[in-house]
Amino acid sequence: MFEFILENSFFLYLLIFTIIMLEYANAPLPSELVLPLSGAVIIPFDLNLATVISISIIGGIIGSLVNYYLGFKFGKSIVSWTIKKFPKSKKSF
């Protein structure tokens, strides 16, 4: 299965996009490791540098938008729940 992913560059681009998107959406994935690694696999796997950079940027923007939307949609209820659960934290909000 991994051979198919490594032989097909579309899935490598999709993997880079997904990992960057999740990292920008505050999933615990370090982009500091993903971006240099994606730069290192450009030559061996015949990837396009401009495409990798573009996919990383688009993934970061979409991940941030997902995070902003979740904050817009559920932010007040999360803050209300936090204040109710931890009343001493009201000063912080």
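Among (1) touching a residue at least 24 places away in the same chain (Cβ under 8 Å); (2) surrounded by 14 or more Cβ atoms within 10 Å (Cβ to Cβ); (3) of a type in the set (A, V, I, L, M), which single condition is Ile58 missing?
Every listed condition holds for Ile58 apart from (2).
Could you tell me how many of the residues in region 33-49 are over 14 Å from Leu14 (Cα atoms), open to solvent by 70 Å² or more (accessible area, probe 1.4 Å) and without any contact (Cβ under 8 Å) to a residue 24 or more places away in the chain?
Final tally of qualifying residues: 6.
Report, ordered by the first and then the second residue, all pairs with beta carbons closer than 8 Å, sequence separation of six or more or different chains, a first member in region 8-21 that is under 14 Å from Val41 (Cα atoms) and modelled with pLDDT of 85 or more, and a second member that is part of a helix (DSSP H, G or I) and open to solvent by 40 Å² or more (accessible area, probe 1.4 Å).
Phe11/Phe4; Phe11/Ile5; Leu12/Ile5; Leu12/Leu6; Tyr13/Thr51; Leu15/Ile5
Which helices (runs of 4 or more DSSP H) sit wholly inside region 1-90 and have at least 3 residues that are over 19 Å from the mean Cα position of the chain (by Cα)?
2-7, 49-85
Does Asn67 satisfy being touching a residue at least 24 places away in the same chain (Cβ under 8 Å), open to solvent by 90 Å² or more (accessible area, probe 1.4 Å) and over 22 Å from Asn8 (Cβ atoms)?
Answer is no for this residue.
The values are calculated or read from the model by the stated rules, or taken from the named source; none is laboratory data. Just so it is clear, the structure is predicted and the values come from calculations on it, not from any experiment. Note that each Cβ is placed from the backbone with ideal geometry, even for glycine, and that neighbours are counted across all protein chains shown. The accessibility values were calculated without ligands, DNA or RNA, using every heavy atom of the protein model including side chains. Shrake-Rupley method; radii C 1.70, N 1.55, O 1.52, S 1.80 Å.
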